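The structure appears right after this line, and notes come after that.
Quick note: the coordinates plus some simple rules give every number you see, no bench work behind them. What you are looking at is a predicted structure, and each value in this text was computed from that prediction instead of being measured. Positions of Cβ are generated from backbone atoms using ideal geometry, with glycine treated the same way; all protein chains shown enter the neighbour counts.
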Amino acid sequence: MKASLQKDIQKAAVILQQGGLVAVPTETVYGLGADASNPDALRKIFRAKQRPMDHPLIVHLGNVAQLPHWAREIPEKAVILAKNFWPGPLTLILKKADHVSDLVTGNQDTIGLRVPNHSVALALLNEFGSGIAAPSANRFGRISPTTVDAVRDELGNTVDLILDGGQCEVGVESTIVDVTGDHPVILRPGMITAKQIKDALHESVLTMKKNAPRVSGSHEMHYAPLTKTRLMNKQELEKFLQQATQLDLPFAVMSFSQYTTSAHIVKMPADPQAYAHELYCVLRELDKQNFRQIIVETVPENNEWDAIRDRLQRASYS
Ligand code: TXA
Ligand code: MG
């Protein structure tokens with residue numbers, strides 16, 4: 001790690017200790033971090049994001065040994081998932097410890113916890129020594145940032161320091177699994193799939209129906225670009241491209257194939273990991289241009305695409 005980045009991490013830890021806000025790169029998306037034990041600092045997160053106060057925050061930890069400080073019950077399931085997937089893009093919902101602020105939990109009895117897999121985030125957590133509450137570093141309802149430029153676009157000078165960790169490797173938010181009940185429940189799909197969780201636990205995993213309460217990301221319209229976004233399957237898309245003329249409103253297409261057309265086509269990767277890595281960058285870039293519509297080809301129906309399908313459905317909700 002470069003000396004200048006190391007210096008910035010030290011500076012960031014001091015800012016957190018003093019109750020300030022730091023944008024932190026993680027492997028999923030950039031987070032807007034504050035000291036999870038400082039209510040005044042937590043309030044700043046909600047102000048900067050214009051986020052409703054009852055939406056709970058994920059607390060990021062430097063290692064699994066810190067878990068008992070934040071959660072009062074740690075079921076065997078949680079231990080297994082932490083062993084298998086931490087550090088990594090998985091958030092566990094557990095019963096909260098008594099001292100945890102209502103600002104973190106959105107007045108619930110549970111807390112979301114994860115150990116991120118990013119050298120800069122881990123170095124900061126290590127330097128700071130305690131939990132960092134961090135929602136995605138975007139204004140409420142907008143696409144999560146996966147680059148430093150995107151963080152600047154979203155939050156500008158409402159954050160005291162932005163740590164540069166490059167483009168986020170995974171590119172979509174963590175899988176959230178509630179392990180407080182009899183069966184694990186996926187509250188938000190991510191790139192760790194239901195099957196991977198099922199295989200690790202040797203038990204079936206439930207998936208939360210869309211639009212259930214409690215998870216802010218489960219509001220239908222979330223992660224939305226400003227430009228109207230529509231989903232089409234391959235046949236619909238091909239028909240649309242044949243019929244659309246130059247005179248039509250300018251539109252952009254995100255598809256798996258390249259087409260000979262005057263339309264602006266972004267060819268997306270056929271591999272789900274690579275697709276997720278690019279998704280928010282492409283949407284953000286297209287959103288900045290003067291397209292009247294973004295048309296996205298639907299993605300495969302299988303498990304590995306769950307997180308991407310979920311985010312595309314939200315982006316295209318109208
Ligand atoms: O990948 C990620 O999870 C990123 C990075 C920064 O770690 N963070 C992220 O945070 O996506 P945010 O705030 O944008 O989304 C966190 C989600 C919200 O939908 C929130 O409702 C849910 O986690 N959540 C947090 N605590 C919860 C709890 N106790 N019960 C249920 N849902 C919870
Ligand atoms: Mg978010």
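Okay, here's what the table says:
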quantity	calculated
For the chain, alpha-carbon Rg and Dmax in angstrom	19.8, 62
Sequence ranges 73-83, 135-145, 118-128, ranked by mean other-Cβ count within 10 angstrom, highest first	135-145, 118-128, 73-83
Cα-Cα over 22 Å, subset of LYS228/LYS267; LYS195/LYS228; LYS83/LYS195; LYS49/LYS96; LYS77/LYS198; LYS11/LYS96	LYS195/LYS228; LYS49/LYS96; LYS11/LYS96
Calculated P(r) tail over 19 Å for the stretch 239-299, as whole % of Cα pairs	29 percent
In degrees, nearest ten, helix 119-128 long axis to first principal axis of the chain (Cα)	30 degrees
For the stretch 1-118, alpha-carbon Rg relative to the globular expectation (2.2 N^0.38 Å, N residues)	1.07
Qualifying GluC sites (Glu not before Pro) for the stretch 231-318 [loop in DSSP, other Cβ within 10 Å: at most 12]	GLU301
Amide hydrogen neighbours beyond the local backbone of MET232, cut-off 5 Å, H modeled	VAL296, GLU297, THR298
Expected-Rg normalisation [2.2 N^0.38 Å, Cα atoms] applied to the stretch 27-84	1.33
Backbone HN-Hα couplings from phi across the stretch 137-142 [Karplus 6.51/-1.76/1.60, Hz, Gly and Pro as x]	8, 10, 5, 4, x, 9
Percentage relative contact order, the chain, counting C-alpha pairs under 8 Å, at least six apart	19 percent
Euclidean distance of C-alpha centroids, the stretch 233-308 and the stretch 108-132, integer Å	35 Å
Between 0 and 90°, nearest 10: helix 76-85 axis offset from the chain longest Cα axis	60 degrees
